[in-house]
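J.: This is the structure I have questions about; it appears just below.
Derivation of every value follows stated rules applied to the coordinates shown; laboratory data play no part. Because the structure is predicted, anything quoted here is derived from the model rather than measured. In this analysis, Cβ positions are derived from the backbone assuming ideal geometry, glycine residues included, and neighbour counts consider all displayed protein chains.
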């Protein structure tokens, strides 16, 4: 860094301040009411979740309003998601504090509870006639598809049970069938899951029951996502990776014939980390609007179901999409979209209208930073021990950055690890790039978005392949003159935090520093103490216990903390159910006993990620200072 910048600290001045990073909101789960005009969604404001509604075509704009009042909204099954839906002039949502289902009239008036306060709920879906609500329920680690009457006058009951996990219930248009996805340990939903269709019986005095049911797609080695009935109810649509890539299929319910609607080396699905994951939507005319991704950049496509398709001409500033939802009345679509320089926005548009100028219903961020002040990330690739590795490089974007030679590099390891970095809005990475760092987001072996074989490449190799791919990526960027190979840090959260600790353990002195957010230090403790959703995740990533016990010990950074010599900053929430606080406590205590330079930040009231604005601000201030001291000035 030039001496004048050292004196002025100009490198650390940026429109993306720590305070600005704490100001945004989180958007998910758009849903249309039956009138085709009213749109609802979940909004995370700090640690509070809110149900919101708007009429995008109303006079005077979106006319947004909060719907849930003082009652916080957030579904609690697994990682959450599936918080609310709109139907029949009501919002049906899960309350955060008691996990009950509630019914809120859109026209106003008090909300009514439908279910008792026990267990956790997600993804409520009212029946077409408005009499019943099906949902996912979890109680004492027993999951089920449950059903309750829409008036909340009867005790809810299980409609389907016996499998370890359920998600994405959906009614047929006639209301006489229900479909959902189910799977068992040790699989995760992207390893293998099944779509089941149940024919319902309707007793004269009681709730509907499943008279008979059958699996129509999927299996232990085929992942199925998001069943959806065609408008005539004759077929079931879903995403499957049976071909090696996530493609859309149509299953005729009468003949059992299965027809692929998409093909090629591109993805139409997503790793279902949460309830309510939606990768496509079906309009009343039968058109399918789907998210299609390749190389980390996504577009929306419209399929007619008979082989015809077209890419929707949305602005190119959008490169990542989620939660696509179709109106039940008219050819209208809502989706959450973002891009490298565009924070998430809730968009709405008519398929037969001017798609190139969608209505922005809600913005997640004030968007006060000019695009010129942000990095324009580029896809990169390099050769690693397992073949070609891909990633996304964020070049420095600081107007005040001055450097004699290549910039310092932060290598970013994504979480999951069954996930990937796409070209959507990545505020952490833009924060670093705006301060003069180059940032390499590595889609190491096992990442999604590149087909099933690539995703499976991490089986048995976690803590090895990801570590190798992060290092070779940093070396490749330095060899190309894009980064300073002598000033490299590694950063990651959750599974990415584990990769940070393993990298520091197995490759001392390669990285100048590490930043570990709620990372795993002890694989034994993780296997024994994490939440149900990931309780058997390590069976595939590392190996089943007790057979693979030696491998667990070998790959647990806690048992080799003496090998860590480079400075590391550890950040942990004290209410984390996924990676409990004792993981951070243990590695911090071991580093402290060995005299390893480190700092340990524990945030009270936070879980697996930060929600409170004060926590977000404190984290970014600490991150900025740590990297400045350990990477730039060291």
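J.: On a C-alpha basis, how far is the centre of the stretch 26-87 from the centre of the stretch 132-154 in Å? Whole number, if you could?
T.: Each part's Cα centre sits 21 Å from the other's.
J.: Evaluate E = 1/(1 + (r/R0)^6) for residue 354 and residue 185, where r is the Cβ-Cβ distance and R0 equals 45 Å; express this FRET efficiency to the nearest 0.05.
T.: 0.40
J.: Can you give the helix-only mean residue ellipticity at 222 nm for the chain, where every DSSP H stretch with n ≥ 4 adds -39500 (n - 2.57) and the sum goes over all residues, rounded to the nearest 500 deg cm²/dmol? List each step's numbers first, then the result.
T.: Working: 11 runs with 95 residues, N = 634.
Estimated from H runs of four or more residues: -4000 deg cm²/dmol.
J.: If packing is taken as the average number of other Cβ atoms within 10 Å across a peptide's residues, how do 606-616, 311-321, 180-190, 85-95 rank, most packed first?
T.: My ranking of the peptides, most packed first, is 85-95, 180-190, 606-616, 311-321.
J.: How high is the FRET efficiency from residue 395 to residue 139, r the C-beta distance, R0 60 Å, rounded to 0.05?
T.: Numbers: r = 50 Å, r/R0 = 0.83.
Using R0 = 60 Å, I get an efficiency of 0.75.
J.: At residue 524 and residue 306, where each label point lies 7 Å from the Cα along Cα→Cβ, what is the point-to-point distance in nanometres?
T.: Modelled inter-label distance: 6.4 nm.
J.: In addition: Just want the ordering: 490, 336, from fewest to most Cβ atoms lying within 10 Å of their own Cβ. Don't skip to the answer; put the middle values down first.
T.: On the way: 490 32, 336 26.
In order of increasing Cβ crowding within 10 Å: 336, 490.
J.: Among rounded, prolate and oblate, which fits the stretch 522-625 when a ≥ b ≥ c are the square roots of the eigenvalues of its C-alpha gyration tensor, a/c under 1.5 means rounded, and a/b larger than b/c means prolate?
T.: Working: a/c = 2.71, a/b = 1.32, b/c = 2.05.
Oblate, since a/c reaches 1.5 and b/c is not below a/b.
J.: What's the Cα-based Rg to Rh of the stretch 25-363, Rh via Kirkwood? Provide the component values of the computation, followed by the final result.
T.: Numbers: Rg = 18.7 Å, Rh = 20.0 Å.
We get a ratio of 0.94 for the stretch 25-363.
J.: Further, regarding this structure: Work out, step by step, the length gained on full extension between residue 531 and residue 574: first 0.36 nm times the residue separation, then minus their alpha carbon distance; give nm to one decimal.
T.: Details: separation 43, 0.36 × 43 = 15.48 nm, distance 1.50 nm.
Between residue 531 and residue 574, full extension yields 14.0 nm more.
J.: Continuing with the same structure: Roughly how many whole Å is it from the C-alpha centroid of the stretch 411-444 to that of the stretch 306-331?
T.: If you average the Cα positions of each part, the centres end up 26 Å apart.
J.: Taking the Cα atoms only, what angle lies between the long axis of helix 495-506 and the longest principal axis of the chain, rounded to 10 degrees?
T.: Helix 495-506 sits at roughly 30 degrees to that axis.
J.: Pairing the Cα long axis of helix 581-594 with the longest principal axis of the chain, what angle in degrees results, from 0 to 90 and rounded to the nearest 10?
T.: Helix 581-594 sits roughly 10 degrees off the main axis of the chain.
J.: On full extension of the chain, what length is gained from residue 510 through residue 453, given 0.36 nm per residue of separation minus the C-alpha to C-alpha distance?
T.: 17.5 nm
J.: Continuing with this model, one more query. Only one of the values (1) 246; (2) 144; (3) 157 was calculated from this structure for volume of the Cα convex hull per residue in Å³; name its label.
T.: (2)
J.: Next question, about the same structure. Rg to Rh for the stretch 288-446: what is it, with Cα atoms only and Rh by Kirkwood?
T.: 1.03
J.: Give the percent of DSSP beta bridges with both residues in the chain that are antiparallel, rounded to the nearest 5.
T.: Rounded to the nearest five, the antiparallel share is 80 percent.
J.: A further question on this structure: Using the basic label-point model (7 angstrom from Cα toward the beta carbon), what is the residue 383 to residue 154 distance in nanometres?
T.: Reported label-point gap for residue 383 and residue 154 is 6.7 nm.
J.: Using 7 Å Cα-to-Cβ label points, what is the residue 553/residue 294 separation (nm, one decimal)?
T.: Going by the 7 Å Cα→Cβ label model, 4.9 nm.
J.: Can you sort 603, 238, 437 by how many other beta carbons sit within 10 Å, fewest first?
T.: 603, 238, 437
J.: How tilted is helix 613-627 with respect to the longest principal axis of the chain? Cα atoms for both, answer in degrees (0 to 90, nearest 10).
T.: It works out to around 30 degrees.
J.: Sorted from fewest to most neighbouring beta carbons within 10 Å, what does the list 84, 623, 545, 523 look like?
T.: Going from least to most buried by this count: 545, 623, 523, 84.
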